[in-house]
Structures are given as structure tokens and as C-alpha cells.
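These notes are about the structure you will find just below.
The values are calculated or read from the model by the stated rules, or taken from the named source; none is laboratory data. The structure presented is a predicted model; accordingly, all values stated were derived computationally and were not measured. Glycine also receives a Cβ, built like all others from the backbone with ideal geometry; neighbour counts cover every protein chain displayed.
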Amino acid sequence: MLAIARQRMLGQSFKKILPAVSVLRSYSSAAKQITVREALNSALDEEMSADPKVFLMGEEVGEYQGAYKITKGLLEKYGPERVLDTPITEAGFTGIGVGAAYYGLKPVVEFMTFNFSMQAIDHIINSAAKSNYMSAGQISVPIVFRGPNGAAAGVGAQHSQCYAAWYASCPGLKVLSPYNSEDARGLLKAAIRDPDPVVFLENELLYGESFPVSDEVLDSSFCLPIGKAKIEREGKDVTITAFSKMAAEMLEKDGIYAEVINLRSIRPLDRSTINASVRKTNRLITVEEGFPQHGVGAEICASVVEESFSYLDAPVERIAGADVPMPYAANLERMAVPQVEDIVRAAKRACYRSVPLAATA
Amino acid sequence: MALSRLASSSSRSADLLKPLCSAISLRRPISTDTTPITVETSVPFTSHQCDTPSRSVQTNAKELFTFFRDMALMRRMEIAADSLYKAKLIRGFCHLYDGQEAVAVGMEAAITKKDCIITAYRDHCTFVSRGGTLLEVFAELMGRQAGCSRGKGGSMHFYKKDSNFYGGHGIVGAQVPLGCGLAFAQKYSKDEAVTFALYGDGAANQGQLFEALNISALWDLPAILVCENNHYGMGTAEWRAAKSPAYYKRGDYAPGLKVDGMDAFAVKQACTFAKEHALKNGPIRGKSLSLVEAIKLTSSCSVCCAYMQILEMDTYRYHGHSMSDPGSTYRTRDEITGVRQERDPVERIRKLILSHDLATEKELKDIEKEIRKEVDDAIAQAKENPLPESSELFTNVYAKGLGVESFGADRKEVRAILP
């Protein structure tokens, strides 16, 4: 169980917000702690060991040990035939990865960040996602596209976009986004074992964060189901849906007993867990880092309105990244990404607690 | 049997024997006769960074007959597709291959079903050469259940995985990196086979092609890139699209061959050469060779090129780019009829068969009549075949659907569980 610090909040004053994830650490000595990086590395290692058809490709995944060290040690262990350093040519190497998957191999293609996946997006969508359908089941594509997604810190507009909504709109793809180490291990293993193309959206800022994991999670057979969200914290006042780094932010907010759902799977979306929760709490806030228009929150909101309209006691609130390209200056960047106070404010609005209107810019 | 052997060795004696022969069907002897015949390719090969294969190609009556039959069948199939499209039984896009048959047939004769082929959207004949049936073609074109993709793909998405034919791709150029990926997988699996990735002169300028070429060369992949240069990328002539239309040279460090793509034997020779080259110089690089092997290796190719190659097939399509393109706004009718008269691939084989006295004109015409009937029968069968069941809308979205829900246009009305 995660131990969560609670802070009473009075009116407008906020205590200094602790680094989001510190509240999540359990200080129980029984559970082992591993970083998300270690979780991903061990998942890759175990799946490569279990299935000789699994291989890695991407920029700097081999000799450099991985741009973010996720693939550290794997070249040494599995050799250059299974851990391949590619030139900086996403369209070319992604197409090669998809072609290898057509033949029956199981590539894990790394994008240094998902911003670069745009150079290869035709292969992800047209060559990978749609092939099983167009060929009536003859050509399945057991490939995983993984890498950091969304905002980092100070990397600017071209390196900060979240691609969850774009990929999750496409039938034929599965889109996963882990939050903690357990998610990272379980979902990556599931992705590699899955016979369909999976887009695996990691988060650079979470790589170094440690989380407790049980022995079950550390076992090499551990796997999480695709398409199932996790209720990180049960509550009764409002449902908050989040994924990736935003899941951390949610557990920070307080005063209101929120039920926090860690989506884990953006496509397929676990609509039944979300709706069941909203039917219990009657209020919903969707939280995401990406651009607001046509985002993941918009889909969740529509889904809840369709399935659970009469259960809603308040309009659905959406918290998302600002509707602007990511700025560089630290203060502007902070405004462009959802902060804990944004979610708190939205939760209060949903629960009809009075919140003074912010001045419009 | 003996009569036909005499006939092939001397045309004078064949003339004398003809009245006797006409009473006997010569079809069976021709189709099984494997006595070697040597033919010359129409023109010599031109090469870039490697040796050229010989102009003399070994063949036999059986192969000549097969080439004729296969190409005549493809020709008839494509023309029939033209009529079906005009009758609105085929919808959307329809890119016809008539004129280019020699590339599909010649390539298939050089390889086995262990070798992979991947091509773009002008894929009907390549599918047939890989073993696809006429019914599968026409049913798919008409969107019926018996189609090779059960009606879900359409003209541009024919596949036959059990023959290592990987489609059938609508995005220009995408098939080239995919093909290099197939070659990667063949090498990874130690399959001793190669991949032919076909693309057109229009696709030859795509960046991803050069990206894939670079990686294939670095990683020694058994990939052979085949440019089917029919000289027009849709309506744009090659000289308007490419600063250098010498596509066989565009690989720079990669060896290339320019081939007369209207001559099935030239295609066969080039593909045989390319496959041998890719297997000899690719996967075995790095192994220690015996002295004999080392000598053989260096003598077969002046440059030790341990990577993939480009074959440029100089070919021509009689139809426009697709059925919505008349094909005559960017080229003259004289050009089209000129190629048809001088270089038609089916006619070339017909002339070879006749000049070697392997059959009479009438016999070849009979074969064509038979083919016509086969095509008509397949079309009739395809027309009777039903459209897919409504439930097929939701099948094959995933290989493993995990029981998730999918939706129709009105999600409250039409939903399905994906198995």
C-alpha cells in the first residue's frame, strides 16, 4: 500500500509543494525499491532472454548504453545482432522494424523521444497498425515502439509534446503509459508479448524515481493486463483520471477524498473502471499533460457522458497542458504543464466549493 | 515426342513435319520438355559497381511455355479488371500492370517461395506470380469474401504470407524499408533467402528509401531493391522528377544493374545474379572461407560488395497510372503503341516459341482462348461470391483483441467485442 501524506489546505494558501513523488515512497523495509529505469531495463532483459525473436533497435541503444540508459548492459549481454544501433533515420529504421515484425520477429524500436516518432508515423500507423486488418489477419505486427513522451524540463517546444491522444485514436494500435516501476515492468513485458503493435509512452522525468515493488513484480513471469486501469487510491468525492507523470501529481492534492485512477492503458481505454468510479463519486476530473483539444480527457469525458450521464452531479472538468507550444522560460513552462494546484482547484469546482475566478490573461 | 524434338532442331524439317504434327496435340510435350535452349537477352546489361551477368540465358521449352502462359494470363486478367472497373464492379483505386508482366514472371523464375517479395500498389500480377488465384484477385477487387484479404483490403492490399508475399502497399516508398526489414529478419533467422523490394521511378526519390539502403548496406542485409522504372510517376515523367534518372546508379556504394524489364529472360538472369550475389556476399561475410570459396567469391564480383543491390527494370505500363488516369495526357499514343509493337513482353515470348518451332500460332492462340475462359470463369465465380458479413467490420483490428469494445458510427447502436 502506498503511504500518502495528507495536508490540510486553508482557503488560498498552499504549503510548499513537495516533489510530487516523494509522498509515494513507502518506507516499509520489506518492499524492495527500484527505479523506473531499472524496471524497464529488467523487463527488456527478461523478455529478450525468454524469446530469441525479441531484439532492440534505436539510436544509441547499444554502445552508448541508451540515451537515458534504459538499455544499459543489453548490448554486452545479447550482442550486436540483437541490440542494434541505428543511424538517425527514424523513417528508415522504423520501416525496417515493422518489416521484421511482418516476418515474425519481435522488434522493440526505441524513439529517443516520441517527438521523433513523427518522422516515422506513417510506418507506425499505415504499415503497422492497419496491416492485420487490411490483410484479414495474414500479417500481424508484434512490434513495440517505446521511448519518453511528453514534457521534460526546459527542452522547449519541439521536444515536449505528448502523443498519447494521437496514437490512441488509431484502431489497430495499443497505447500504454506506465506511471511507476510496477507499471513499467508489467506493461512493457505485456507489450513485448502482445502480438499487436504497441506504442509504449514512458516519461523521462520518472526514469530516476524509485518505487516499492513486491516479489511478485520482480518475478520474470510478471505481466500486467493491457486495457485495465488501476485505482491508485480509493475515494468518494470525485474521480480523477490520470496517466504517466500526472498520476503522481494527483496523489498530492487533498482536502477532498479523490478516487485516483491510473489509466495505464490509453488504448484500449478501461471505460468500465472509469464509469464505475464516476457512478460512485458522481464527479470527474481528467488530467493529462498533452494539448487539451481532442485530448485523452476529451475522450474520457465523452465516454462518461454517454455511459453515465445521469450519475454526474457536476460538469466534467478537464485539466491538460496549456494550449500553446511548450515555452522555455521556467515560469512559463510551469504554467504550460498541469500543477497540483490546478487539480485541486478543479476538484473544488467539481465539488461546488467556492473558488475565486482567476484573472484572465 | 520424338517429332517435337526434331522440329525444334531444324526449321526445314519442321516445315515438312507440320502436316503430321497438326493432327497431334503438341501441348503436352512442350510443357514438359526440358531440353536446354539458349536465348540471348534483348540488350546487354549495364552495371554500376559490379560485373554484369551474361546475355546468354539457359531456358527450355517448358519454361518458355510457362512464361507465355503466365504473362498472357496476367495480361488478360488486367484487361478484364479494366472492364470490371468501368462497369463499377471495382471501386476506388485500380492500378494495372499490363506491359510490366515480364518483371513479375522473370523474377519468380529466378527465386523460390522462401524468398520474400514486397511491392507497392500495382500488385495484382505479383500476387498471381506468387501463387495467388484469379478468384482471389477478382473477388478482392470486387470486395467479396473469397478475396485474398476477404474483401477488407482492396486492390492495393493483396498479401500471400504463405508464399512470402508481403503486399500490397498504398504509401509510395514505404514498402522499401519494410522490405529491408524482411531481409533483416531473414538474416536474423539464418534463412538463406533474400528479399526483393519493388518500387517505381516515382518512389525512387523517397528519402526513406535511402535511409533503408544505408542501413541495409551497414548491416549487410540480403535485400535487393528493384526499381520498376515505367518512366512515369503518375503523370510526371522521370526526367521531371529525378535529377538523376539513372536509378541503378543512385545507390552510390550499392552495386546496380540496368535490365530490360520487357524481356523476361533478362529479368530472370538479373534476379538470379542478384540473389546469388546477396547470399554469397551478405550473410557469409565474416565467416572464414576456404581458399576455393575465397577464389570463387572474388572472381564472381570485381568489387567485394557485401551488401545489397539495386536492379533497375526498364519497363512500361500500357494503362495510365490508375483507372482514373487516361494515360495519354503526359505521353503520346505513338509512344504507347510503339512500345507495344517493339517491346511487348508476351509477344517476345510468342516469337521465341514460334522461332524455335515449339508450337504453332494456332496452338498459342488456343492457349490464349483457354486463358480467356479461365479469366471469365473466375470473374463469374467472383461475381456470385457474397460481400463480407457485417460482423467482418470488426474482425482483425487486432491479432489479440483482449475482449475490448469497438464501435460503429452510432456507438449506442453498433458495438462489438473484439476477440
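For A:Ala136, which of the numbered conditions (1) more than 25 Å from the chain's Cα centre (by Cα); (2) hydrophobic (A, V, I, L, M, F, W, C); (3) over 22 Å from B:Leu178 (Cα atoms) fails to hold? Result: A:Ala136 fails condition (3) only. Considered as a group, the residues in the stretch B:160-172 that are of a type in the set (Gly, Ala, Ser) and surrounded by fewer than 24 Cβ atoms within 10 Å (Cβ to Cβ) include one that is nearest to the other protein chains (Cβ to nearest Cβ), and that residue is B:Gly170. Screening the stretch B:341-375 for residues that are surrounded by 20 or more Cβ atoms within 10 Å (Cβ to Cβ) and of a type in the set (Lys, Arg) and picking the one that is farthest from B:Thr32 (Cα to Cα) gives B:Arg348. Need pairs with beta-carbon distance below 6 Å; first residue free of Cβ contacts under 8 Å to residues at least 60 places away in the same chain and within the stretch A:172-193, second of a type in the set (Lys, Arg); sequence gap 6+ or separate chains. Listed pairs, sorted by first residue: A:Gly172/A:Lys130. Within the stretch A:261-278, the set of residues being free of Cβ contacts under 8 Å to residues at least 40 places away in the same chain and either surrounded by 24 or more Cβ atoms within 10 Å (Cβ to Cβ) or of a type in the set (Asp, Glu) (or both) comprises A:Ile261, A:Val278. Picking from residues in the stretch A:128-174 that are among the β-branched types (Val, Ile, Thr) and crowded, with 22+ Cβ neighbours inside 10 Å, the one that is nearest to B:Tyr121 (Cα to Cα) is A:Ile139.
A residue that is in contact with a Leu (Cβ under 9 Å, 6 or more places away or on another chain) and modelled with pLDDT of 50 or more can be found somewhere in the stretch B:281-291. Candidates A:Gly62, A:Gly79, A:Gly58, A:Gly73: the one that is within 14 Å of chain B (Cβ to nearest Cβ), surrounded by fewer than 20 Cβ atoms within 10 Å (Cβ to Cβ), farther than 19 Å from A:Ser244 by Cα and at pLDDT 95 or above is A:Gly79.
Considering only residues of the stretch A:82-105 that are in a loop (DSSP other than H, G, I, E, B) and more than 8 Å from every other protein chain (Cβ to nearest Cβ), which is surrounded by the fewest Cβ atoms within 10 Å (Cβ to Cβ)? Reasoning before the result, please.
We begin by selecting, within the stretch A:82-105, every residue in a loop (DSSP other than H, G, I, E, B); these are A:82, A:86-89, A:104-105.
From what is left, the residues that are more than 8 Å from every other protein chain (Cβ to nearest Cβ) are A:82, A:88.
Numbers: A:Arg82: 18, A:Ile88: 12.
Checking each candidate, the answer is A:Ile88.
Checking B:Leu225, B:Leu213 one by one, the residue that is assigned to a strand (DSSP E or B) and within 14 Å of chain A (Cβ to nearest Cβ) is B:Leu225 and no other.
Within the stretch A:322-341, residues that are touching a residue at least 12 places away in the same chain (Cβ under 8 Å) sit with their Cβ atoms under 7 Å from residues that are among the β-branched types (Val, Ile, Thr), at 6+ positions apart or across chains, in these pairs: A:Ala336/A:Val324; A:Pro338/A:Val287; A:Pro338/A:Ile319; A:Val340/A:Ile17.
Restricting attention to the stretch B:149-159, and to residues there that are buried (at least 24 other Cβ atoms within 10 Å of the Cβ) and within 17 Å of the chain's Cα centre (by Cα), which single residue is farthest from the other protein chains (Cβ to nearest Cβ)?
Of the residues in the stretch B:149-159, the ones buried (at least 24 other Cβ atoms within 10 Å of the Cβ) are B:149, B:153, B:155, B:157-159.
Pick out the ones that are also within 17 Å of the chain's Cα centre (by Cα) and you get B:155, B:157-159.
Numbers: B:Ser155: 11, B:His157: 4, B:Phe158: 9, B:Tyr159: 4 Å.
Here the residue is B:Ser155.
Of the residues making up the stretch B:173-190, those that are among the aliphatic types (A, V, I, L, M), more than 7 Å from chain A (Cβ to nearest Cβ) and touching a residue at least 60 places away in the same chain (Cβ under 8 Å) number 1.
Considered as a group, the residues in the stretch B:390-410 that are closer than 24 Å to A:Asp196 by Cα and of a type in the set (D, E, K, R) include one that is nearest to the chain's Cα centre (by Cα), and that residue is B:Glu392.
Looking across the stretch A:274-325, the residues that are among the acidic types (Asp, Glu), closer than 19 Å to A:Ala350 by Cα and within 18 Å of the chain's Cα centre (by Cα) come down to A:Glu288, A:Glu299. When you scan the stretch B:115-138, do you find a residue that is away from chain A (no Cβ under 14 Å) and in a loop (DSSP other than H, G, I, E, B), even just one? Checked against the condition, which is being away from chain A (no Cβ under 14 Å) and in a loop (DSSP other than H, G, I, E, B), the stretch B:115-138 yields at least one hit.
What residue, among those in the stretch B:89-111 that are over 13 Å from the mean Cα position of the chain (by Cα) and under 28 Å from A:Ala101 (Cβ atoms), is surrounded by the most Cβ atoms within 10 Å (Cβ to Cβ)?
Filtering the stretch B:89-111 for residues over 13 Å from the mean Cα position of the chain (by Cα) gives B:89-95.
Filter once more, keeping what is under 28 Å from A:Ala101 (Cβ atoms): B:92-93, B:95.
Numbers: B:Gly92: 13, B:Phe93: 15, B:His95: 23.
Filtering first and then ranking leaves B:His95.
Restricted to the stretch A:106-127, and to residues there that are at the interface with chain B (Cβ under 10 Å from one of its Cβ atoms) and crowded, with 24+ Cβ neighbours inside 10 Å, the residue that is farthest from B:His157 (Cα to Cα) is A:Pro107. Within the bounds of the stretch A:192-212, is there any residue that is at positive phi and surrounded by fewer than 24 Cβ atoms within 10 Å (Cβ to Cβ)? Checking the stretch A:192-212: not a single residue is at positive phi and surrounded by fewer than 24 Cβ atoms within 10 Å (Cβ to Cβ).
For the stretch A:133-147, the candidate set comprises residues that are part of a loop (DSSP other than H, G, I, E, B) and in contact (Cβ under 8 Å) with a residue 40 or more places away in the chain; within that set, the residue that is nearest to the other protein chains (Cβ to nearest Cβ) is A:Ser140.
Could you tell me whether A:Ile125 is among the β-branched types (Val, Ile, Thr), touching a Cys at 6+ places or on another chain (Cβ under 8 Å) and within 23 Å of B:Val397 (Cβ to Cβ)? Please lay out each step first, then the result.
Values: among the β-branched types (Val, Ile, Thr): yes; touching a Cys at 6+ places or on another chain (Cβ under 8 Å): yes; within 23 Å of B:Val397 (Cβ to Cβ): yes.
Yes; evaluated as a whole, the condition is true for this residue.
I'm trying to understand the selection: among the residues of the stretch B:112-148, which are among the β-branched types (Val, Ile, Thr) and surrounded by fewer than 24 Cβ atoms within 10 Å (Cβ to Cβ)? Working first, answer last.
Taking the stretch B:112-148 and keeping what is among the β-branched types (Val, Ile, Thr), we get B:112, B:117-119, B:126, B:128, B:133, B:137.
Scanning the stretch B:112-148 gives B:Thr112, B:Thr133.
Has the stretch B:302-309 got any residue that is of a type in the set (Gly, Ala, Ser), in contact with a Pro (Cβ under 6 Å, 6 or more places away or on another chain) and either at pLDDT below 95 or over 15 Å from B:Gly261 (Cβ atoms) (or both)? Before the answer, list the steps.
Within the stretch B:302-309, the subset of a type in the set (Gly, Ala, Ser) is B:302, B:306.
From the residues that got through so far, the ones that are in contact with a Pro (Cβ under 6 Å, 6 or more places away or on another chain) too are none.
There is no residue in the stretch B:302-309 that is of a type in the set (Gly, Ala, Ser), in contact with a Pro (Cβ under 6 Å, 6 or more places away or on another chain) and either at pLDDT below 95 or over 15 Å from B:Gly261 (Cβ atoms) (or both).
The set of residues in the stretch B:232-259 being surrounded by fewer than 24 Cβ atoms within 10 Å (Cβ to Cβ) and either within 17 Å of the chain's Cα centre (by Cα) or basic (Lys, Arg) (or both) consists of B:Arg240, B:Lys243, B:Lys249, B:Arg250. Has the stretch B:200-209 got any residue that is surrounded by fewer than 24 Cβ atoms within 10 Å (Cβ to Cβ) and facing chain A (nearest Cβ under 8 Å)? Yes, the stretch B:200-209 contains at least one residue that is surrounded by fewer than 24 Cβ atoms within 10 Å (Cβ to Cβ) and facing chain A (nearest Cβ under 8 Å).
Set side by side, the residues B:Ala120, B:Ala110 differ, and just one is at pLDDT 95 or above, among the hydrophobic types (A, V, I, L, M, F, W, C), touching a His at 6+ places or on another chain (Cβ under 6 Å) and within 27 Å of B:Gly173 (Cα to Cα), which is B:Ala120. Screening the candidates A:Phe291, A:Phe309 for the property of being of a type in the set (Phe, Trp, Tyr) and not in a helix (DSSP H, G or I) yields one hit, A:Phe291.
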